[in-house]
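The values are calculated or read from the model by the stated rules, or taken from the named source; none is laboratory data. All of these numbers come straight from a predicted model, not from anything done at the bench. Cβ atoms come from the backbone with ideal geometry, glycine included; neighbour counts cover every protein chain shown.
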Amino acid sequence: MSLPVPLDQAFTYSLPLTLQHRVQAGTRVLVPFGTRKLTGVVLRAHDDSPETPLKEALRLIDAEPVLDEELLALARWISGYYCAPLGEVLRSMLPLATETRSGKIYSLTDAGRDASRQLSIQPEAEDTASRLVAMLAARPLSAATLKRKIPLADRALKSLRQRGWVEVEDVSSDRDPLRAHASKLRIELTPPESDNAEPSGKLTKAERELLAYLSLHPGTHNLAEIEASVPHANQAARPLARKHLVALTPEPLVIRDAPIRAPHDLNAAQRNAFDLIGAAVGARKFATFLLYGVTGSGKTEVYLNAIDAALGAGRSALMLVPEIALTPAVAGQFHARFGERVAILHSAFSGSERAGQWRRIRDGGASVVVATRSGVFAPVRNVGLIVVDEEHDSSYKQEETPRYHGRDVAIVRAQAAGACVVLGSATPSLESRYNASTGKYTLLELPDRIADRPMPSVRVVDMRQEFLETRKHSIFSRALIEAIRERLANNEQAMVLLNRRGFSTFVACRSCGARIECVNCSVTLTYHRRDRRLLCHYCGYAEKIPSECPKCQSEHVHFLGAGSERVEDELHGEFPEARIARLDRDTVAGKRQFENILSSFRERDFDILVGTQMIAKGHDIPNVTLVGVVSADVGIGMPDFRAAERTFQILTQVAGRAGRGDLPGMVYMQTINPDHYAIQFAARQDYAGFFEKELQFRRFMKYPPFAAMANVLVRAEKQEDALRMSTELGHAITPAPENIRVMGPAEAPVPRLKSEFRYQLLIKSGSRKDLNALLRRAQDFAHERKWSATALVIDVDPLTLL
Ligand code: ADP
Ligand code: ZN
Ligand code: ZN
């Protein structure tokens, strides 16, 4: 049995007699683990005699396996390739977490926030209530954490809630469908022949009444509505469900449909691409295609046809997208085309909604699945096609254990299933494009936009020159302002990108030069004006705005470097009549706000959309004729070998949002590095040129795709520990085999993060196998030395090195 703990081993439990013939590989079982109860996944049910007496499993959670052999095998592959404990891999594969962890999260209300600011409450305050407010001002905290830090928090929390300063949210409600709110659940009797029903034993009065009601009123009912007729139905429903006497399922989802539209007739390039994919899908053999199509070339239509072909061959299809909330139109198109057969695993859905969809897929109720990263584990039956849209997107890489890449997992899954993979992008990752050039993938090209629409024309604006001519440090060049003015006059729309959140990106003292840094991380704090706070973008730490320098007490504290919030603000100043919306992580804290902002912009409720890289992703909004990039330089100087690639991708993608309708598009890219090759190639929208140049650099430096790479991070609260441990680890894994280079240990680019010091070893290897063996050595070493589970982080094929 595998348990969700950071230990790379399986555990053995004995089964009570009642369970012995019902437990199979892939089912979940509740077991005792130390003082806790954990949900584990059964890897194997066997009669081998144990070496030591075994603890007994407590309860079977699923009547049928939640993971089939195919997915269990995929989990083993991920665990091996990414050096991640199998239990953690399995946990991240299942959206059905009946985790024992649950509880309340406390946070400040707006009133509480205002009060904490006006009274400038300090964390070191005497009374419990003030200390609580100060702590919550920094970030929302769980009940457990609060109790640990302030033992007598309960009473103070109660009075703060009565005062309306603190609110509480029950996070457990989202985790398990059985815990969802009654209004979101449907209830029905389980059929009597069902062999799941456990002997019912004693039932409470409410339970008996609920059963009686359900047998008198057959069919499914909304649980909240039954409450009117059967008192306490809600409380009674859950124990009955656990005894398998009733079934609780999430209410079906309501998805906004796109206008129904007949499929387009494919143009020649689309047809060409589809013919090859369709033939491969029909042949039922594993193959990977790279669909490289410029922005607006109609890749979606090719995907839809390929999915049709898979369905026609009697198989199912899985499509991965970076962020469904960002592409509501895609979900709509899928519904319009495939109707009831579509299931959407949407990251904005609650746990119970996801679990409901997940069950529907497993039970064969959906043959087309659209999902984000973790959807690569959707229990789709008989999968014949996996599409990975925007395959270059970094959201496919999970940045916590298991650190898998959804695109690469998709390929491995397809290989085992004899399915085809289509990777689509206007800016394919270096790795994928390289694989296409070596013949590992088949390259398919859509070189032109639909209906011969021109690519947008791009002008690079040298902001150094702009300064020389105007002697003003403005955010916008005169040319960009003029261009926006024109769009407003013509009732066309514009998008303005600045890939940095907040109002000012750092706060510095003019007298002593100090910059205000996070107390937990070695990064500067960002000023957020709407929240009236300085915020750390890495750990969420917040503090109030300083009136004087914390180092030298000078009053000359300056706010420097603009972020997206400031861009919005200045645009309001320049164009008071314009309707402006902003899309970044600060404006879309809530669940479905992405969709709301985007669809209002699409409906022309706004003239200008300001935002971070979120606005660069796949949107197809025909009335956008202008894209302004406030600073193309953001990210270029990052200490990361992918900095140029990422810059090229985001600039090309955002430029591609312009001119997708009947009117041509125009792009202004402001920069102080006008000669940088990433900016130059993006301005010419010359992917091939960029690919050649970048590939040379990678070959010369032996970076991926010319080497397999891993980032090994050592973390500790004390700097000397982190340094010592990483040095010891370095000795333990060197000398490495000849074809492996170990660089470091050295301080990570962000040396301190979330109160931990970080040292890293970068490993480049000519052989995957040797790399894997070396990483195993590192793991074993940490294990022997009894390092804490979080001290060693292994990131295979890292996307960022920060
Ligand atoms: P991409 O993803 O390649 O940037 P999309 O798939 O969003 O491009 O397609 C761009 C636009 O072209 C969409 O509005 C789509 O409906 C339209 N389109 C796609 N294929 C055709 C076609 N064969 N004929 C006409 N319009 C098409
Ligand atoms: Zn100072
Ligand atoms: Zn921080």
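Results for (1) without any contact (Cβ under 8 Å) to a residue 60 or more places away in the chain; (2) away from ligand 3 (no atom under 16 Å from the Cβ); (3) within 30 Å of residue 695 (Cα to Cα); (4) touching a Ser or Thr at 6+ places or on another chain (Cβ under 8 Å), shown as yes or no for each residue.
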position: 362; (1), (2), (3), (4): no, yes, no, no
position: 380; (1), (2), (3), (4): no, yes, no, yes
position: 403; (1), (2), (3), (4): no, yes, yes, no
position: 431; (1), (2), (3), (4): no, yes, yes, no
position: 438; (1), (2), (3), (4): yes, yes, yes, no
position: 444; (1), (2), (3), (4): no, yes, yes, no
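The C-beta contact set for the stretch 780-802 (first residue touching a residue at least 12 places away in the same chain (Cβ under 8 Å) and of a type outside the set (S, T, N, Q), second residue surrounded by 15 or more Cβ atoms within 10 Å (Cβ to Cβ) and assigned to a loop (DSSP other than H, G, I, E, B), distance under 6 angstrom, 6+ apart or interchain) comprises 794/83; 795/403; 796/82; 801/640. Taking the stated definitions as given, is residue 18 part of a helix (DSSP H, G or I), at pLDDT below 85 and either surrounded by 13 or more Cβ atoms within 10 Å (Cβ to Cβ) or of a type outside the set (A, V, I, L, M) (or both)? Here the answer is yes, as residue 18 does meet what is asked. Entry remark, the stretch 219-240: residues being within 18 Å of residue 203 (Cα to Cα) and in a helix (DSSP H, G or I) number 8 in total. Once the stretch 737-759 is narrowed to residues that are crowded, with 17+ Cβ neighbours inside 10 Å and more than 18 Å from residue 523 (Cβ to Cβ), the residue that is farthest from ligand 1 (Cβ to nearest atom) is 745. Residues of the stretch 476-524 that are more than 16 Å from ligand 2 (Cβ to nearest atom) and on the phi > 0 side of the Ramachandran plot: 491, 502.
A quick yes/no check of all residues on (1) surrounded by 14 or more Cβ atoms within 10 Å (Cβ to Cβ); (2) free of Cβ contacts under 8 Å to residues at least 12 places away in the same chain; (3) more than 9 Å from ligand 1 (Cβ to nearest atom); (4) in a helix (DSSP H, G or I):
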| position | (1), (2), (3), (4) |
| --- | --- |
| 263 | no, no, no, no |
| 289 | yes, no, yes, no |
| 297 | yes, no, no, no |
| 307 | yes, no, yes, yes |
| 314 | no, no, yes, no |
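Going through 570, 577, 603 one at a time, which residue ends up being more than 16 Å from ligand 2 (Cβ to nearest atom) and surrounded by 15 or more Cβ atoms within 10 Å (Cβ to Cβ)?
Testing whether each residue is more than 16 Å from ligand 2 (Cβ to nearest atom) and surrounded by 15 or more Cβ atoms within 10 Å (Cβ to Cβ) leaves just 570.
Scanning the stretch 528-548 for residues that are among the hydrophobic types (A, V, I, L, M, F, W, C) and within 16 Å of ligand 2 (Cβ to nearest atom) gives 534, 545. Yes or no: residue 513 under 30 Å from residue 758 (Cβ atoms), more than 16 Å from ligand 3 (Cβ to nearest atom), assigned to a loop (DSSP other than H, G, I, E, B) and modelled with pLDDT under 95? Considered against the rule, which asks whether it is under 30 Å from residue 758 (Cβ atoms), more than 16 Å from ligand 3 (Cβ to nearest atom), assigned to a loop (DSSP other than H, G, I, E, B) and modelled with pLDDT under 95, residue 513 comes out as yes.
When 677, 687 are checked against the criterion of being at pLDDT 95 or above, touching a Lys or Arg at 6+ places or on another chain (Cβ under 7 Å) and more than 16 Å from ligand 3 (Cβ to nearest atom), a single residue qualifies: 677. Selection of strands (runs of 3 or more DSSP E) fully inside the stretch 548-649 by the criterion of at least 2 residues being under 23 Å from residue 321 (Cβ atoms) returns 580-583, 608-611, 624-629.
Residues considered: 253, 178, 210. Of these, the only one that is modelled with pLDDT of 65 or more and either more than 16 Å from ligand 2 (Cβ to nearest atom) or more than 28 Å from residue 29 (Cα to Cα) (or both) is 210. Checking the structure you have, find out if any residue of the stretch 727-736 is under 20 Å from residue 78 (Cα atoms), touching a Phe, Trp or Tyr at 6+ places or on another chain (Cβ under 9 Å) and at pLDDT 95 or above. Taking every residue of the stretch 727-736 in turn, none turns out to be under 20 Å from residue 78 (Cα atoms), touching a Phe, Trp or Tyr at 6+ places or on another chain (Cβ under 9 Å) and at pLDDT 95 or above.
Looking at residue 461, is it modelled with pLDDT of 95 or more, away from ligand 1 (no atom under 16 Å from the Cβ) and not in a loop (DSSP other than H, G, I, E, B)?
On the way: modelled with pLDDT of 95 or more: yes; away from ligand 1 (no atom under 16 Å from the Cβ): yes; not in a loop (DSSP other than H, G, I, E, B): yes.
The answer is yes for residue 461.
Scan the strands (runs of 3 or more DSSP E) fully inside the stretch 324-398 and keep the ones with 2 or more residues being modelled with pLDDT under 90 and on the phi < 0 side of the Ramachandran plot.
342-345
Screening the stretch 668-690 for residues that are among the hydrophobic types (A, V, I, L, M, F, W, C) and either closer than 15 Å to residue 651 by Cβ or in a loop (DSSP other than H, G, I, E, B) (or both) and picking the one that is farthest from the chain's Cα centre (by Cα) gives 672.
I'm told residue 490 meets every condition in (1) modelled with pLDDT of 95 or more; (2) under 31 Å from the mean Cα position of the chain (by Cα); (3) surrounded by fewer than 19 Cβ atoms within 10 Å (Cβ to Cβ) except one. Can you identify the failing condition by its number? With respect to (1) modelled with pLDDT of 95 or more; (2) under 31 Å from the mean Cα position of the chain (by Cα); (3) surrounded by fewer than 19 Cβ atoms within 10 Å (Cβ to Cβ), residue 490 is out only on (2). Would you tally the residues in the stretch 10-29 being touching a residue at least 60 places away in the same chain (Cβ under 8 Å) and either out of contact with any helix residue (DSSP H, G or I) (no Cβ under 9 Å at 6 or more places or on another chain) or not hydrophobic (A, V, I, L, M, F, W, C) (or both)? The qualifying residues number 1.
The residues listed here are 599, 564; of these, the one that is in contact (Cβ under 8 Å) with a residue 24 or more places away in the chain, within 16 Å of ligand 1 (Cβ to nearest atom) and closer than 30 Å to residue 332 by Cβ is 599.
Residues in the stretch 501-510 that are away from ligand 3 (no atom under 16 Å from the Cβ) and outside any strand (DSSP E or B) were compared, and the one that is farthest from residue 663 (Cα to Cα) is 510.
Which pairs have Cβ atoms under 7 Å, sit 6 or more apart or on different chains, and link a residue in the stretch 470-485 that is closer than 13 Å to residue 498 by Cβ to one that is aromatic (Phe, Trp, Tyr)? Close Cβ pairs satisfying both conditions: 480/668.
Within the option set 538, 527, being free of Cβ contacts under 8 Å to residues at least 40 places away in the same chain, under 25 Å from residue 107 (Cβ atoms) and either under 29 Å from the mean Cα position of the chain (by Cα) or part of a strand (DSSP E or B) (or both) holds for one residue only, 527. Yes or no: residue 28 at pLDDT 80 or above and not hydrophobic (A, V, I, L, M, F, W, C)? Here the answer is yes, as residue 28 does meet what is asked.
Considering only residues that are assigned to a loop (DSSP other than H, G, I, E, B) and either buried (at least 24 other Cβ atoms within 10 Å of the Cβ) or within 16 Å of ligand 2 (Cβ to nearest atom) (or both), which ones fall in the stretch 650-667? Across the stretch 650-667, the qualifying residues are 656, 657, 658, 659, 665. Contact annotation: residue pairs with Cβ atoms under 7 Å, 6 or more positions apart or on different chains, pairing a residue in the stretch 604-627 that is within 15 Å of residue 567 (Cα to Cα) with a partner that is more than 16 Å from ligand 3 (Cβ to nearest atom) and of a type in the set (Ser, Thr, Tyr), are 610/564; 611/564; 612/564. In the stretch 516-527, the qualifying residues are those that are within 14 Å of ligand 3 (Cβ to nearest atom) and touching a strand residue (DSSP E or B) at 6+ places or on another chain (Cβ under 7 Å), and the one that is farthest from residue 802 (Cα to Cα) is 516.
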